[in-house]
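The values are calculated or read from the model by the stated rules, or taken from the named source; none is laboratory data. This one's a predicted model, so the numbers in the text were calculated from it and none came from an experiment. Cβ coordinates were reconstructed from backbone atoms using ideal geometry, including for glycine residues, and neighbour counts include every protein chain displayed.
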């Protein structure tokens with residue numbers, strides 16, 4: 001179903017209904033991000049495909065899939081170059097805009113073992129050196145199980161979910177957890193917007209339900225995933241350099 005965006009700077013499909021008190025609602029713009037309330041916490045959503053938890057000064061992203069293009073090229077599949085550099089530059093912009101001192105990755109950091117090419121690792125190490133003081137936590141996802149943990153020299157703490165931060169439980173897959181609000185990735189959510197002249201555009205988005213919030217895939221070289229919108233979900237689409245609420 002297509003939706004028209006609005007600018008704004010029961011049982012769920014996961015099988016459990018929770019009280020409206022943990023529902024997410026939009027509030028206003030703040031510092032270039034879109035302010036919302038999730039699980040009783042103030043959060044900020046950014047067009048760089050990440051969110052900030054201000055009380056913890058923590059940025060959260062999902063599904064970076066570092067080395068995916070290199071993996072395809074290793075299989076002699078022609079794909080665009082420069083995606084890793086572009087994604088790392090966007091991640092730097094997110095950190096600059098948020099001022100976060102911790103980054104939490106909700107799984108799928110490295111796409112596959114074949115993506116651990118020398119040029120990819122060199123780019124990752126250069127980026128890490130530029131953000132030497134940043135604490136990084138990876139909550140392992142399904143791709144991480146096959147690709148393996150990142151090199152120790154990148155200084156990334158790797159944990160299995162659930163990983164808890166305040167009222168939030170950080171996971172890779174969006175499965176509800178009793179007594180906590182889950183932040184997850186995995187599904188690469190997207191929404192289709194329709195214009196008055198029958199234009200249709202598929203955009204990545206944030207999707208917040210009563211008990212689970214799903215972040216967009218951070219990687220630029222990914223398609224839409226298996227996300228299906230439920231009636232109670234709040235959707236925030238990323239349109240170029242803005243985040244828009246989709247009713």
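Couple of notes before you dig in:
- Region 108-119, residues that are under 12 Å from residue 150 (Cα atoms) and either touching a strand residue (DSSP E or B) at 6+ places or on another chain (Cβ under 6 Å) or at pLDDT 75 or above (or both): 108, 109, 110
- Qualifying residue in region 145-158 (condition: buried (at least 21 other Cβ atoms within 10 Å of the Cβ), touching a helix residue (DSSP H, G or I) at 6+ places or on another chain (Cβ under 7 Å) and modelled with pLDDT of 85 or more): no
- Residue count, region 164-181 (criterion: at pLDDT below 95, under 10 Å from residue 106 (Cβ atoms) and assigned to a strand (DSSP E or B)): 0
- All of (1) closer than 23 Å to residue 171 by Cβ; (2) at pLDDT below 95; (3) in a helix (DSSP H, G or I) hold for residue 94 with one exception: (2).
- Extreme residue, farthest from residue 185 (Cα to Cα), among residues of region 18-74 that are at pLDDT 50 or above and in a helix (DSSP H, G or I): 74
- All conditions in (1) touching a strand residue (DSSP E or B) at 6+ places or on another chain (Cβ under 8 Å); (2) closer than 20 Å to residue 65 by Cα hold for residue 244, with the sole exception of (2).
- Flag if residue 78 is modelled with pLDDT under 90, in a loop (DSSP other than H, G, I, E, B), farther than 18 Å from residue 183 by Cα and touching a strand residue (DSSP E or B) at 6+ places or on another chain (Cβ under 7 Å): no
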